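Asks: Take a look at this one; I'll ask things after.
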């Protein structure tokens, strides 16, 4: 192998080393998340519950299998999905502050849920259903974000300039938020409370049955992102260069938007909107791996995103107390300092 | 001996370029362009600012469609090519400054292999070799792991060119590749382009403001004037007077003897200069710069200057003065005008 | 609760005597009584409610509402009630005077309707916030006939509509200090608005006693007093029937929002009702009056020993319950079908009578709870507000 190739491997080695370390940390934090909760459960009890369930205490089994394991898995999926979506948005729009919700996916989902929970508020009467089943909320959120995805794809095929698409996405987001505000304005306290709690995000309300739907959705989204690694690398230089290198811009955009909508939409549907993770994690990944190649960044973002979400969940459990924090606040408090740091760093030299 | 018609790699025939608007509100930037470039030529597009060089280049590169007429690449209109096939034939370098952090020189150059690699972008040995060669060709061997953002402007430009080399196309189109570069880098870049055309047989098309280099290095020029686009060897276009039509400003003219552009200056005073060789030439240049018309005989002027490097003697009316530098001489002369 | 009113009585008694003497003597001498010098002939005896007092000055009554919103830090509002037939006394110049009886009333909460209905004064109701949530049949009829308007909520309140209805009285409630802005706005419009702090009372009887507060504005003080006495007697006798039971079933309440369970406070009305019905609230050790968040896990662990689950949101069937979170199927109460919800009487608009009539008739709620927790005592299984969730 030539000297240059050997040099190149040096760069990759660092990235691979980081990936290996992250892969070891993940199961560790997974276990830690299983340990933390209101009920005091020891590691041996957890292992017994997973591997020798016949021998375990039934209450412990219930808590672990029905509550902690699905919550931990949801945390991993949410962290990974939102981070990958954020990574793609940052690359395609060449904007370091882009995130998974920039296309309006989260607003669409919140409109769907708002219509279900708040109804048309005081305007036309009470909500559509008296009891919002958890599947109902998921469906409403998905339909909402699905409609936005269709809108974005329509716009994207008409508009050439990617910056225009970004601005339109932001404007659509704002418009929908205003509609949601109107619905909230006309609602009474209990409906409002229900809706507001949804907007705070929660990992613990996803059951194993729901995971059976969430898991494949997230996997599909991640798979598409992985297959788009080549597109994403080309997008780094901008769409003009990408086109000159033979990339089909329309197709590439569609793959990326589809993946983002599936990832962000699914997580928002099941967990409510969870912010900041999608913006902060891709930057951590880029910094840790010192590379811009997406074939390395995608797995790194998945691992770091999952870890960050597990950490957020652990913190939100407020170990040692009966109370809990809404997960959205924790991700914000963790993510905002990182975002601030990005902005300060960018003042000096680079972008993205 | 059979004289083979050389292949027209890029050809425009009565093509118009500009921006397509809605329903007949197209903005035509340049119409009726008929030019071409042959295989292995280094072609420079020159013209005044705003005359449409970038628009023409971007249309050739396939970023925007022509308003009317086609652009044929290797005989086939651009619109008939699939993106991937066009990318195998033609690569492009724009004026945009790429700012991506954590991107190494190697990784950026390797992007050039895009049309050659599989869906995942996996680099095989052949790809690696091409990338290395490309990096060496532009003189950046050893820079593979450096971050592109930490390079100087000249180095970064070379990296972008290396990328096109890795893309391994027969045609390379560059928009102002030497803008913002100092002379040394300018020379290096043009030299690389020249070698690519002459040694590797690539067709290189680039736009530039640097007329001197364009004249000195190009095989063919596309001269974008205000009414038409002319083509030919630089010398052809100089001899047939087209160069004078480049700038609309009446005060700029092309000196066909010296081979450069000059600015007409209002001359106020005259001076007669005697001397020899280089010191004489440069003294005359300094006088012209200060708005003096240089005359041959002493009768035509009240100012006589004798050059005896490193001394100058000035006789003006009754005064006789000596100077040790052109700077002080000119300072005195400026005082005379008042 | 008893303790507080006793203290008032103890402290005020000597002063009462003193002032009565002074007042009487000044009255005899023909001098005018100064504003706050009392001539108390009858002071309202409040046994439970802490949030208001009514003082009788002969030709007018002073109603004081104390701490009408959370953490209001001792703020109180005085309302002076003067009968229509009398001229407003001089000393009340500049104070908030309300002419009684009121004939045109706007209520900003449907819980106030319960009081009006008990006093047979629903005909005075001209507007409400949230007309679709009313349960009272008379009021519903009037709403259908467009005789009662909907003035909206909180920030979205329709001031113009309120003004156009020319109310004698607007009964409002405050959740936080920002309500003063809203009150001032209505004052500026020349309208009489009073704050009802009934929802802050800690026990159901204290809440119900506010009928006397409302009654004062209709000159129905006696009627209100009698009504309340009956309710109180009923309530206490029902409580007595479970006074000597040995077994106190453990009770879980509420429903989570996603994975945060808002649990009733240990000193809340619900907790008091559960205790009075001879049962034990799962979080009886908690010391707050308001609801607080518990993690889902914590509830799962504690509720393993609960015998009953009541007040679970708006669910009607076990299927609906499980649809909000499938993990409820493992709850013992679900498996034993020991779930009761207080939504037996929910109107088509979504309004629950539990929060309307239930406020003024806590004895009926208590009876329901005793039926649930101690079926051996009351075997009729005729519920007022509750139903079994199956």
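The values are calculated or read from the model by the stated rules, or taken from the named source; none is laboratory data. These figures come from a predicted structure and were not determined experimentally. Cβ coordinates were reconstructed from backbone atoms using ideal geometry, including for glycine residues, and neighbour counts include every protein chain displayed.
Asks: Out of the stretch A:33-54, which residues are within 15 Å of residue C:297 (Cα to Cα) and in a loop (DSSP other than H, G, I, E, B)?
Replies: Within the stretch A:33-54, A:36, A:37, A:38, A:39, A:40, A:41 meet the criteria.
Asks: For the stretch B:58-84, which residues satisfy the criterion of being assigned to a strand (DSSP E or B) and surrounded by 16 or more Cβ atoms within 10 Å (Cβ to Cβ)?
Replies: Listed by number, the residues that qualify are B:71, B:72, B:73.
Asks: Return the residues of the stretch B:191-210 that are touching a strand residue (DSSP E or B) at 6+ places or on another chain (Cβ under 7 Å) and surrounded by fewer than 20 Cβ atoms within 10 Å (Cβ to Cβ); say none if nothing qualifies.
Replies: Correct list: B:194 only.
Asks: Working only within the stretch B:95-108, note down all residues that are within 7 Å of chain A (Cβ to nearest Cβ) and either over 23 Å from residue B:209 (Cβ atoms) or touching a strand residue (DSSP E or B) at 6+ places or on another chain (Cβ under 8 Å) (or both).
Replies: Answer for the stretch B:95-108, where residues must be within 7 Å of chain A (Cβ to nearest Cβ) and either over 23 Å from residue B:209 (Cβ atoms) or touching a strand residue (DSSP E or B) at 6+ places or on another chain (Cβ under 8 Å) (or both): B:99, B:100, B:101, B:102, B:103, B:104, B:106, B:107.
Asks: Right, something else. Working carefully through the options B:223, B:239, B:193, find the one that is in the same structural domain as residue B:57 (by TED's automatic domain parsing) and more than 18 Å from residue B:37 (Cβ to Cβ). Spell out the reasoning first.
Replies: Details: B:223 fails: more than 18 Å from residue B:37 (Cβ to Cβ); B:193 fails: more than 18 Å from residue B:37 (Cβ to Cβ).
Answer to the selection: B:239.
Asks: To continue, here is another question. For the stretch B:118-145, name all the residues that are out of contact with any strand residue (DSSP E or B) (no Cβ under 8 Å at 6 or more places or on another chain), facing another protein chain (nearest Cβ under 8 Å) and within 24 Å of residue A:94 (Cα to Cα).
Replies: Matches in the stretch B:118-145: B:119, B:120, B:121.
Asks: Go through the stretch A:194-222 and give me each residue that's part of a helix (DSSP H, G or I) and at the interface with chain C (Cβ under 10 Å from one of its Cβ atoms).
Replies: Taking the stretch A:194-222 as the starting set, the residues that turn out to be part of a helix (DSSP H, G or I) are A:194-199, A:208-222.
Across the stretch A:194-222, the qualifying residues are A:194, A:195, A:196, A:197, A:198, A:208, A:209, A:210.
Asks: Within the stretch B:145-165, identify whether any single residue is in a loop (DSSP other than H, G, I, E, B), touching a residue at least 12 places away in the same chain (Cβ under 8 Å) and in contact with a helix residue (DSSP H, G or I) (Cβ under 6 Å, 6 or more places away or on another chain), and answer yes or no. Reasoning before the result, please.
Replies: Restricting attention to the stretch B:145-165, the residues satisfying the condition of being in a loop (DSSP other than H, G, I, E, B) are B:145-146, B:151-152.
Then keep just the ones that are touching a residue at least 12 places away in the same chain (Cβ under 8 Å); that gives B:145-146, B:151.
The next check asks that each one be in contact with a helix residue (DSSP H, G or I) (Cβ under 6 Å, 6 or more places away or on another chain); those that pass are B:145-146.
Scanning the stretch B:145-165 turns up at least one residue that is in a loop (DSSP other than H, G, I, E, B), touching a residue at least 12 places away in the same chain (Cβ under 8 Å) and in contact with a helix residue (DSSP H, G or I) (Cβ under 6 Å, 6 or more places away or on another chain).
Asks: For the list (1) within 15 Å of the chain's Cα centre (by Cα); (2) under 23 Å from residue B:10 (Cβ atoms); (3) modelled with pLDDT under 90, I need the number of the one condition that residue B:242 fails.
Replies: (1)
Asks: Name the strands (runs of 3 or more DSSP E) wholly inside the stretch C:61-133 in which the number of residues that are within 14 Å of chain A (Cβ to nearest Cβ), in contact with a strand residue (DSSP E or B) (Cβ under 8 Å, 6 or more places away or on another chain) and crowded, with 20+ Cβ neighbours inside 10 Å is 1 or more.
Replies: Details: elements: C:61-66, C:76-83, C:97-100, C:105-107, C:125-128.
In the stretch C:61-133, C:125-128 are the strands (runs of 3 or more DSSP E) which contain 1 or more residues that are within 14 Å of chain A (Cβ to nearest Cβ), in contact with a strand residue (DSSP E or B) (Cβ under 8 Å, 6 or more places away or on another chain) and crowded, with 20+ Cβ neighbours inside 10 Å.
Residues checked against (1) free of Cβ contacts under 8 Å to residues at least 40 places away in the same chain; (2) in the same structural domain as residue B:214 (by TED's automatic domain parsing); (3) closer than 30 Å to residue B:224 by Cα:
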residue	(1), (2), (3)
B:258	yes, yes, yes
B:274	yes, no, no
B:284	yes, no, no
B:290	no, no, no
B:294	yes, no, no
B:307	yes, no, no
B:326	no, no, no
B:333	no, no, no
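Asks: Among the residues of the stretch B:88-118, how many are under 28 Å from the mean Cα position of the chain (by Cα) and not in a helix (DSSP H, G or I)?
Replies: The number of residues fulfilling the criteria is 11.
Asks: Return yes or no: is residue B:319 closer than 30 Å to residue B:51 by Cβ and out of contact with any strand residue (DSSP E or B) (no Cβ under 8 Å at 6 or more places or on another chain)? Show your work before the answer.
Replies: Working: closer than 30 Å to residue B:51 by Cβ: no; out of contact with any strand residue (DSSP E or B) (no Cβ under 8 Å at 6 or more places or on another chain): yes.
Against the criterion (closer than 30 Å to residue B:51 by Cβ and out of contact with any strand residue (DSSP E or B) (no Cβ under 8 Å at 6 or more places or on another chain)), residue B:319 does not qualify.
Asks: If you don't mind, there's one more thing I want to ask. Please count how many residues of the stretch B:147-165 are in contact with a strand residue (DSSP E or B) (Cβ under 9 Å, 6 or more places away or on another chain) and more than 10 Å from chain A (Cβ to nearest Cβ).
Replies: 3
Matching residues to (1) within 14 Å of chain B (Cβ to nearest Cβ); (2) over 24 Å from residue A:231 (Cβ atoms); (3) under 14 Å from the mean Cα position of the chain (by Cα); (4) in contact (Cβ under 8 Å) with a residue 60 or more places away in the chain:
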{"site": "A:287", "(1), (2), (3), (4)": "yes, no, no, no"}
{"site": "A:293", "(1), (2), (3), (4)": "yes, no, no, yes"}
{"site": "A:303", "(1), (2), (3), (4)": "no, no, yes, yes"}
{"site": "A:323", "(1), (2), (3), (4)": "no, yes, no, no"}
{"site": "A:332", "(1), (2), (3), (4)": "no, yes, yes, no"}
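Residue by residue, here is whether (1) under 29 Å from the mean Cα position of the chain (by Cα); (2) within 9 Å of another protein chain (Cβ to nearest Cβ); (3) within 30 Å of residue C:129 (Cβ to Cβ) holds:
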position: C:293; (1), (2), (3): yes, yes, yes
position: C:296; (1), (2), (3): no, yes, no
position: C:305; (1), (2), (3): no, no, no
position: C:314; (1), (2), (3): yes, yes, yes
position: C:320; (1), (2), (3): no, yes, yes
position: C:334; (1), (2), (3): no, no, no
position: C:339; (1), (2), (3): yes, no, no
position: C:344; (1), (2), (3): yes, no, yes
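Asks: Out of the stretch C:306-339, which residues are outside any helix (DSSP H, G or I) and closer than 19 Å to residue C:257 by Cα? Steps first, please.
Replies: In the first step, residues of the stretch C:306-339 are kept if they are outside any helix (DSSP H, G or I); the result is C:306-317, C:325, C:331, C:337-339.
Once the filter is applied, which keeps residues that are outside any helix (DSSP H, G or I) and closer than 19 Å to residue C:257 by Cα, the stretch C:306-339 yields C:309, C:310, C:311, C:312, C:313, C:314, C:315, C:316, C:317, C:325, C:331, C:339.
Asks: Also, quick follow-up: Can you find even one residue in the stretch B:188-195 that is within 30 Å of residue A:224 (Cα to Cα) and at pLDDT below 90?
Replies: no
Asks: For residue B:181, are the conditions met, namely being farther than 22 Å from residue A:292 by Cβ, in contact with a strand residue (DSSP E or B) (Cβ under 8 Å, 6 or more places away or on another chain) and either in contact (Cβ under 8 Å) with a residue 12 or more places away in the chain or within 12 Å of chain A (Cβ to nearest Cβ) (or both)?
Replies: no
Asks: So for the stretch C:355-378 (the condition being within 13 Å of another protein chain (Cβ to nearest Cβ), out of contact with any strand residue (DSSP E or B) (no Cβ under 7 Å at 6 or more places or on another chain) and buried (at least 17 other Cβ atoms within 10 Å of the Cβ)), does at least one residue qualify?
Replies: Yes, that holds for at least one residue.
Asks: Another question, then. Looking at C:311, C:316, C:341, which one is crowded, with 22+ Cβ neighbours inside 10 Å and either in contact (Cβ under 8 Å) with a residue 60 or more places away in the chain or within 19 Å of residue C:370 (Cα to Cα) (or both)?
Replies: Unique residue meeting the criteria: C:341.
Asks: Looking at A:227, A:257, A:270, which is the one that is surrounded by fewer than 24 Cβ atoms within 10 Å (Cβ to Cβ) and within 12 Å of another protein chain (Cβ to nearest Cβ)?
Replies: Exactly one of A:227, A:257, A:270 is surrounded by fewer than 24 Cβ atoms within 10 Å (Cβ to Cβ) and within 12 Å of another protein chain (Cβ to nearest Cβ), namely A:227.
Asks: Closer than 30 Å to residue B:221 by Cβ, exposed (fewer than 11 other Cβ atoms within 10 Å of the Cβ) and touching a strand residue (DSSP E or B) at 6+ places or on another chain (Cβ under 8 Å): does that describe residue B:251?
Replies: yes
Asks: Name the residues in the stretch A:56-72 that are away from chain C (no Cβ under 11 Å) and touching a helix residue (DSSP H, G or I) at 6+ places or on another chain (Cβ under 6 Å), would you?
Replies: A:56, A:72
Asks: Determine which single condition residue A:187 fails, assuming it passes every other condition in (1) assigned to a helix (DSSP H, G or I); (2) touching a residue at least 40 places away in the same chain (Cβ under 8 Å); (3) more than 17 Å from the chain's Cα centre (by Cα).
Replies: With (1) assigned to a helix (DSSP H, G or I); (2) touching a residue at least 40 places away in the same chain (Cβ under 8 Å); (3) more than 17 Å from the chain's Cα centre (by Cα) applied to residue A:187, the lone miss is (1).
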